Structures are given as structure tokens and as C-alpha cells.
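Single-structure report; data block below.
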Amino acid sequence: MRFRSPSLAELHAFAAVAELGSFSAAAQALSVTQGAVSRAVQRLESELGLALLARGGARVTPTPDGAGYLARIKPALDTLERAVPLGATQAGQPLRMAPVPSLYARWLVPRLPALYAQHPQVKVEFRRWQHDDRFERDDVDCWINPKPAPHSRWPEGVVAQYLLGRELVPVCNPARAARLARPQDMLQHPLLHHSAHPGDWALWLKACGMLAPPPRLASGFDLAAALIEAVVADMGIAVVQLCLIERELASGQLAMPFGGWVSSGRGFYLCRRAERDGSPELHAFAQWAMAESRRWRRHAVGKPAGT
């Protein structure tokens, strides 16, 4: 028996492009290359002898023939999807995440083996984080973003769950720390800072009872990783997020000259679009990340400064 219907790969490729509006978005959704999607659609158009997609503008749209064909095949494709057994493994459906680089490299990546051991069905694919991202990308399922300021609001339609990162602590080279008897002594040393948050030093000093004029700051760094490396190199003292310096504290490269932390009111949040149904992989990751952040706070975070 000779089948007249096109292959499922061709039908899925066409339906994905028609619904998502671009070949790249369809490729991401289908976990294949953009070229594979393009070739599948071309084969389908050749087999049918119809132009199914208008490729002219910024968004790919179905032609009248394409819209009619999509309406006829979509119910069948949906029926096939529903026919998959509930317990069947869905290969090739990674969780696509765009995490801010500082937390990604220093806190999340070292914990990925634990995530995969607990949830072997979850596989994370990391996408490039963008500072001005408005959570509208089709190639990302969730984001880990820093909150810009304590009272800033997330864009409408974004669900954000706090993970960690509000705790700020002063750190320096251990030899320098040994020369500091009181918090006031730090003012005699170069005060390094994150250029996006120059007020962090004033927050910590205020918590220690130092209400004098704002301190004179030394070099500023636009990346948390660069700021931490500068402190390791003994360029001065910095106030940094406690969750980003686990490795340096454990190895003895850095020391906290004084106990206690102060809240920045910011921190890192797991974000997703409210209108997108979260996949089982996203829900599993969210539960794991929340539990892991609580565990970290119980073991790593002591009392606030000034208490």
C-alpha cells in the first residue's frame, strides 16, 4: 500500500513554523536545526505542489493554501500527541533556561549533578542571558534574573519566585582580614564595589552603626565575577553576595573579616511567563531550586550584621 500523506516530520515542521511565526522558533520547539525545519517544509511544499508559507516579512505567515492545510492537519496531529502513553519518556525536550552569569557559574553549575541525580528526566539547556530581556523570547522557558532594586516590579505577566542572593557580606584577603580589628578599620583600605550597586557599602556600614557620610569608594567593576577576582588578588575589600563566594571561602582565598550580613532587598529570582503552561521539567527544577536555596540559607547564612 502506497501512502499519499507526507511524513510526520514534514507536517510537524510546517505546523510549528506556521504557529510560531519563524523557522528558528520552530527549530527550538522541535529540538532540531533550523536547516532541518526549512528542508522539511520545502519537501512538503514540493510534494503538495503548494506554497504553504509566506516568507517575506519579519514574521513567517501561512499563505491562504497553508492556512487551509494547517486547519485540516492540526486535529490529526493533536490526536497523535494525545495518544502518547502518559508514562512515555519524552526525549529531546530540554528545559531552556537563561540564567544571569554570576549565579549560573558560581552557584547553579556546581549543583547540577545533584539536580540530575534527583531528577534524571530533567536536562537543562542554557541560553544566553540578556540584560535588557523583557521575557518575550521564544527560545527560553525560564530565566534566573537579578532584581534591579528592592522596590522594582517585574513586567506584567511574569511570575517570579525568589531563590537567594539578598545577603551581602564584606570579604577580603585573609592576610588583610587579620589586620582589621573593628569594622571602622575597613575605611582605611580600598573599598571595591559593583558599579551597578555602589550603595551596597553604605548599607553594610549603616547596619554596623556607622552613620557617617557615604564612604569613598575605590575601583568599580561591572561584573560580580571580576569584583570577586579583584578581592582575591588583594586589591581591597568588597561587599558581595554571600552565595557567590562559596568556593573562595571554602578554599581560604577569601575571608569575612566580620560576621553578619545585610539584606540588599534584591537577590535572584526564577522567572517565567504566566501565560505559558510550565512543563513537568520546569516544575521539577523549580521545586528543586527552591529546596536547594532553603538548604543553602540554613547552612551558610548566619545572623544579620549589627545583631
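Every number here is computed from the coordinates shown, using simple stated rules; none is lab data. Here the structure is a predicted model, which means the values were calculated and not measured. Cβ placement follows ideal geometry from the backbone for every residue including glycine, while neighbour counts extend to all protein chains displayed.
Quick look at the values:
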{"read-out": "Given K74/K123; K123/K206; K123/K303, the pairs whose alpha carbons are separated by over 32 Å", "value": "K123/K206; K123/K303"}
{"read-out": "Residue-averaged 222 nm ellipticity for the chain, from DSSP H runs of 4+ at -39500 (n - 2.57), nearest 500", "value": "-11000 deg cm²/dmol"}
{"read-out": "Loop sites in region 212-307: GluC sites (Glu not before Pro), DSSP, at most 14 other Cβ within 10 Å", "value": "E275"}
{"read-out": "Built amide H within the under 5 Å cut-off of E125, gap 5+", "value": "L95, R96, M97"}
{"read-out": "Average Cα contact separation per residue, the chain, under 8 Å, 6 or more apart, as relative contact order %", "value": "21 percent"}
{"read-out": "Option label - mean projected area of the Cα convex hull in nm² computed here, alternatives (1) 20.5; (2) 22.0; (3) 15.4", "value": "(1)"}
{"read-out": "Relative contact order (%) - criterion: Cα under 8 Å, at least six apart; region: region 154-258", "value": "46 percent"}
{"read-out": "Using θ = phi - 60° and Karplus 6.51 cos²θ - 1.76 cosθ + 1.60, couplings along region 238-245 (whole Hz; Gly, Pro as x)", "value": "9, 9, 9, 6, 4, 5, 8, 10"}
{"read-out": "log₁₀ of I(q)/I(0) at q = 0.11, 0.16, 0.24 Å⁻¹ - region 128-200, Debye sum with one point per alpha carbon", "value": "-0.48, -0.77, -1.24"}
{"read-out": "Considering only region 152-307, percent of DSSP beta bridges that pair antiparallel, nearest 5", "value": "70 percent"}
{"read-out": "Options P155, F135, A212, ranked by Cα towards positive dipole end of region 124-241, top entry (Cβ charges)", "value": "A212"}
{"read-out": "Selected from R247, R72, R128 as most flexible by GNM, with the chain as the system and alpha-carbon contacts under 10 Å", "value": "R72"}
{"read-out": "Per-residue HN-Hα couplings for region 208-213 [Karplus 6.51, -1.76, 1.60; θ = phi - 60°; Hz; x = Gly/Pro]", "value": "8, x, 8, 9, 5, x"}
{"read-out": "Percent of beta bridges antiparallel (DSSP, the chain, rounded to nearest 5)", "value": "65 percent"}
{"read-out": "Table column - 3J(HN,Hα) (Hz), region 125-130, Karplus curve with 6.51, -1.76, 1.60, x for Gly and Pro", "value": "10, 8, 10, 5, 7, 10"}
{"read-out": "Rounded to the nearest 20 debye, dipole of the chain from Cβ charges on Lys, Arg, Asp, Glu", "value": "580 debye"}
